[in-house]
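J.: Have a look at this one.
Each value in this text was obtained by applying a stated rule to the coordinates, not by laboratory testing. This structure is a prediction, so every number in the text was calculated from the model and none was measured. Reconstructed Cβ throughout: ideal geometry from the backbone, glycine too, with neighbour counts over all protein chains shown.
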Amino acid sequence: MSGTQRGGGAWSGSDQALLRELAPQVLGAVVRRYGHFDTAEDAVQEALLAAARQWPHDPPADPRAWLITVAARRLTDLLRADQARRRREETVFRLAHEVQPEIAQTDDSLVLLFMCCHPALGPDAQLALTLRAVGGLSTAEVARAFLVPEATMTRRITRAKQRIKASGLPFAPPPPADRASRTAVVLHVLYLIFNEGYAATRGEALQRPDLAAEAIRLTRLVHRLLPDDLEAAGLLALMLLTDARREARTAPDGSLVPMAEQDRTRWNAEQIADGVALITATLPRGVPGPYQLQAAIAALHDEAPTAAETDWPQIVALYELLQRRAPGPMVALNHAVAVAMARGPLAGLPLLDALTSLDADHRLHAVRAHLLEMSGDHAAARESYLRAASLAGTLPQRRYLNARAGRIPDSRA
């Protein structure tokens, strides 16, 4: 985007989007050239703040080069201020005068993702660092996403950067032997970010569209850079097909609307078409992995004209395949729902009894309540709805579950 295109004086949403898009590219370029990930990340954040102040009045002809130059200068300043790093400061100062033409800018973003998702970090640190360094969110924004104080998130991100520094991890793609496992970690982190955006686990909001959008953007990047990775394609398809229903998931008052009751005309037809095309092209290319299977299930839901026309037998078959590929309690819970919808609630209810590990999860009790209500056991259904409401993490979920319980007469009255 050129200076003439941008114009001067007004700071627009497109400018903010450009900064977010450029943030990982600039950080990747600076770290690749100078090293010092922890200090470079601070330098890039300061460059972004400078851009937000200056660009509305004096837009650069080459925004990316401007940010790299400012970040490199700030990095030199930061290292100069640290007397214990005098030798490294001299090296950085010399390199700052040997700027070479930039290459592989998008590769830098992918390497940065690998670094932020390093196995030495815990899941919370991976999520936070990815949103901060690659997503371009401020520490305050990341803190809001996790619903923790900014000071807590600052400490978490600082510790994560220190662990990366202590690991001696070079700014380079992982070796071929580690590529698959490291890519799997990256995809898992993006999957978790999307899930928190699509169905928030805490707070007063049912969903966080900004987090979901950021996860989709980053997954598009991974898919573009790793076009032969079938699970990256599957994850992107899954996100598109799931996010397509976002607008219909809430009523005008913000309350939750279950899928069976959603107005499907509000589903995003373009996203559904893109997701279906992507998973359709991906599935024949090899043995489908967990993300591809989940995307195939999502496609069946999205392509059904009505809830009653959903192909539940095929969804059951896909969940059974998913259980063999990636067993887990949530997969088993969703399989039980599919079985109940395909064969009746009495077929699905016994499958819930084995899921004791989910006893503190509201979703288990919500599913049990729904199947009990379908079977006609209203007293037990009401009790399960109330139990689910007591465990739900967001206000819209609690209100929805309490309302479902309230529609069932209390047999003790």
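J.: Can you compute the modelled spin-label distance between Asp124 and Arg324, with each label point 7 Å from Cα toward Cβ, in nm?
T.: So the label points at Asp124 and Arg324 sit 3.9 nm apart.
J.: Shifting gears a bit: Order these peptides, 20-29, 155-164, 302-311, by their mean beta-carbon neighbour count within 10 angstrom, highest first. It would help to have the intermediate numbers written out before the result.
T.: Numbers: 20-29: 24.4, 155-164: 18.1, 302-311: 13.2.
Final packing ranking: 20-29, 155-164, 302-311.
J.: Can you tell me the 0 to 90 degree angle between the C-alpha axis of helix 362-375 and the longest principal axis of the chain, rounded to 10?
T.: Once rounded, the angle reads 30 degrees.
J.: Still on this structure: Could you give the semi-axes, largest first, of the ellipsoid that matches the chain, computed as the square roots of 5 times the alpha carbon gyration tensor eigenvalues and rounded to whole Å? Walk me through the numbers before you get to the answer.
T.: On the way: eigenvalues 396, 99, 88 Å².
Computed over the chain, the values are 45, 22, 21 Å.
J.: Angle between the Cα long axis of helix 329-343 and the longest principal axis of the chain, 0 to 90 degrees, nearest 10?
T.: It works out to around 40 degrees.
J.: Moving to a separate point now. Normalised radius of gyration for region 208-323, please: alpha carbon Rg relative to 2.2 N^0.38 Å, two decimal places. Let's see the in-between values first.
T.: Details: Rg = 14.3 Å, N = 116, 2.2 N^0.38 = 13.4 Å.
Relative to the 2.2 N^0.38 Å estimate, region 208-323 comes out at 1.07.
J.: Under 8 Å for C-alpha pairs, at least 6 residues apart: give me the relative contact order for region 213-260, rounded to a whole percent. Each step should come with its number before you reach the end.
T.: Working: 22 pairs, mean separation 11.4, N = 48.
So the answer I get is 24 percent.
J.: Can you find, among Leu169, Ala296, Leu371, the residue sitting farthest towards the positive end of the charge dipole of the chain, where Lys and Arg contribute +1 and Asp and Glu -1 at Cβ?
T.: Selected residue: Leu169.
J.: Please report the equivalent ellipsoid semi-axes of region 302-389, computed as sqrt(5 x eigenvalue) of the Cα gyration tensor, largest first, in whole Å. Working shown, then result.
T.: Working: eigenvalues 90, 58, 23 Å².
Equivalent ellipsoid semi-axes, largest first: 21, 17, 11 Å.
J.: Right, here's the next one. So what's the angle, to the nearest 10 degrees on a 0 to 90 scale, between helix 230-243 and the longest Cα principal axis of the chain?
T.: Relative to the chain, helix 230-243 is tipped by roughly 60 degrees.
J.: Tell me, in nm to one decimal, what length is gained between Ala260 and Glu309 on full extension, where the rule is 0.36 nm per residue of separation less the Cα-Cα distance?
T.: Numbers: separation 49, 0.36 × 49 = 17.64 nm, distance 1.06 nm.
The span from Ala260 to Glu309 would gain 16.6 nm if fully extended.
J.: Using only alpha carbon pairs under 8 Å that are at least six residues apart, calculate the relative contact order of the chain and give it in whole percent. Each step should come with its number before you reach the end.
T.: Details: 541 pairs, mean separation 43.2, N = 413.
Reported as a whole number, the value is 10 percent.
J.: Report the relative contact order of region 288-413, percent, no decimals, based on alpha-carbon pairs under 8 angstrom and at least 6 residues apart.
T.: Details: 143 pairs, mean separation 19.4, N = 126.
Computed value for region 288-413: 15 percent relative contact order.
J.: Spin-label point model (7 Å from Cα, Cβ direction): what's the Arg285 to Thr356 distance in nm?
T.: In this crude spin-label approximation the distance works out to 4.3 nm.
J.: Mind giving me the nanometre distance, one decimal, between the label points for Ala177 and Arg224, set 7 Å out from Cα along Cα→Cβ?
T.: Here the answer is 3.3 nm between the modelled labels.
J.: Counting each DSSP H run of 4 or more residues in the chain as -39500 (n - 2.57), what helix-only mean residue ellipticity at 222 nm follows after dividing by all residues, to the nearest 500 deg cm²/dmol?
T.: Values: 20 runs with 277 residues, N = 413.
Calculated from helices alone, the mean residue ellipticity at 222 nm is -21500 deg cm²/dmol.
J.: Quick one: dipole size for region 286-413, taken about the Cα centre, charges +1 on Lys/Arg Cβ and -1 on Asp/Glu Cβ, in debye to the nearest 20. Each step should come with its number before you reach the end.
T.: Numbers: 12 positive and 12 negative charges, 78 e Å.
Value, rounded to 20: 380 debye.
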